[in-house]
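Novice: Structure incoming, see below.
The values are calculated or read from the model by the stated rules, or taken from the named source; none is laboratory data. Small disclaimer: the values here were computed from a predicted structure and weren't measured. Note: ideal-geometry Cβ built from the backbone for every residue, glycine included; neighbour counts use all protein chains shown.
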Amino acid sequence: MTRIDQFESVFRAAAKSRYTPGEVKLDRIMVVTDLDADAGRRYTARIATFLEGVTGIDSAAWTALHGETETVGALLEAVQNHEPDLVCTYRNLHSGSFRWPYTLGDHAAVLTQVTRAPVLLLPRPEDMTDEAVNNTDRVMAITDHLAGDARLVDHAVAFTRTGGRLTLAHVEDDGVFERYLDVVGKIPEIDTDTARELIRARLLKEPADYVETIRQALAEGGLGAGIQVASEITMGHQLSVYRALVERQRIDLLVLNTKDDDQLAMHGLAYPLAVELRRVPMLML
């Protein structure tokens with residue numbers, strides 16, 4: 001390695017992503033169900049109770065549509081007309097496929113990909129127990145690229161109730177890591193054991209450093225007052241690790257990205273997690 005390469009590596013290692021808080025607007029909230037008017041009002045009331053303490057929720061204007069968006073087109077038209085800052089609904093809306101829990105249904109899947117507004121995907125009415133939607137005391141934001149994902153953090157902070165705990169979870173895929181290390185092991189010029197140790201340490205250090213900037217920014221700006229910020233940064237099989245973390249910590253709300261600029265399909269692990277963790281409320285960005 002040349003001296004120039006060494007200097008460049010040291011310089012790049014010293015450059016860190018820093019979290020800068022952004023505003024989360026919740027001026028208009030839309031609730032969409034396939035229930036009759038009375039059941040729909042009860043469901044909406046439970047959502048409002050669940051979201052008590054969320055930043056900006058007290059002054060939000062609520063719109064509820066019950067049984068009025070039977071087609072996906074009608075739902076998208078309603079969202080376009082009302083321009084909500086948050087859409088609240090549940091899996092398998094206007095569909096009997098909830099009996100076979102393998103999909104989100106057309107309405108929810110399209111909604112998360114087409115609309116710009118975040119979607120709060122809640123348990124279905126029959127699963128809407130007090131335990132499932134009690135409050136947002138325990139929130140978890142998950143990603144495989146935490147450093148620099150300010151929007152994800154902004155929403156996770158905004159939806160964590162004062163006095164609650166926000167866990168920032170970053171899991172590096174160990175399968176991908178091992179595949180690259182297998183290639184490294186075939187290059188004589190690179191010491192495989194050293195590469196394994198240093199690359200692993202660097203992959204986990206960057207999100208850990210970013211979490212520290214989040215703590216500092218929240219403390220300096222007076223944001224997230226009373227919120228405990230924790231982190232879970234590790235390497236493993238992403239789906240199983242995230243699922244275990246959610247279940248072990250009894251997470252009230254999971255915050256995750258669903259849109260991918262490079263594809264129409266839902267981002268990464270969002271879809272399998274949304275299908276498997278059916279009784280965990282999810283804020284899908």
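Novice: Restricting attention to segment 81-99, does a residue exist that is in a loop (DSSP other than H, G, I, E, B), buried (at least 17 other Cβ atoms within 10 Å of the Cβ) and among the β-branched types (V, I, T)?
Specialist: Within segment 81-99, none of the residues are in a loop (DSSP other than H, G, I, E, B), buried (at least 17 other Cβ atoms within 10 Å of the Cβ) and among the β-branched types (V, I, T).
Novice: Among (1) over 29 Å from L166 (Cβ atoms); (2) out of contact with any Gly (no Cβ under 7 Å at 6 or more places or on another chain), there is one condition L51 misses while meeting the rest; what is its number?
Specialist: (1)
Novice: Oh, and also: Return the pair list, or none, for Cβ contacts closer than 6 Å from residues in segment 128-143 that are within 26 Å of H170 (Cα to Cα) to residues that are of a type in the set (F, W, Y) and crowded, with 17+ Cβ neighbours inside 10 Å, at least 6 apart or on different chains.
Specialist: V133/F50; T136/F159; V139/F159; I142/Y242
Novice: Could you give me the residue pairs with C-beta distances under 8 Å whose first residue belongs to segment 52-70 and is in contact (Cβ under 8 Å) with a residue 60 or more places away in the chain, whose second residue is part of a loop (DSSP other than H, G, I, E, B) and acidic (D, E) wherever it lies, and which are 6+ apart or on separate chains?
Specialist: Close Cβ pairs satisfying both conditions: G56/D27.
Novice: Any residue at all in segment 114-124 that is over 30 Å from P21 (Cα atoms) and touching a residue at least 40 places away in the same chain (Cβ under 8 Å)?
Specialist: yes
Novice: Which ones in segment 43-57 are surrounded by 13 or more Cβ atoms within 10 Å (Cβ to Cβ) and not in a loop (DSSP other than H, G, I, E, B)?
Specialist: Selection gives Y43, T44, R46, I47, A48, F50, I57.
Novice: Quick check on segment 40-55. Is at least one of its residues closer than 22 Å to V114 by Cα and in contact with a strand residue (DSSP E or B) (Cβ under 6 Å, 6 or more places away or on another chain)?
Specialist: No, segment 40-55 contains no residue that is closer than 22 Å to V114 by Cα and in contact with a strand residue (DSSP E or B) (Cβ under 6 Å, 6 or more places away or on another chain).
Novice: Go through segment 183-201 and count every residue that is out of contact with any helix residue (DSSP H, G or I) (no Cβ under 9 Å at 6 or more places or on another chain) and hydroxyl-bearing (S, T, Y).
Specialist: Counting residues in segment 183-201 that are out of contact with any helix residue (DSSP H, G or I) (no Cβ under 9 Å at 6 or more places or on another chain) and hydroxyl-bearing (S, T, Y) gives 1.
Novice: If we scan segment 58-78, do we find a residue that is in a helix (DSSP H, G or I), at pLDDT 90 or above and under 23 Å from A156 (Cβ atoms)?
Specialist: Yes, segment 58-78 has at least one match.
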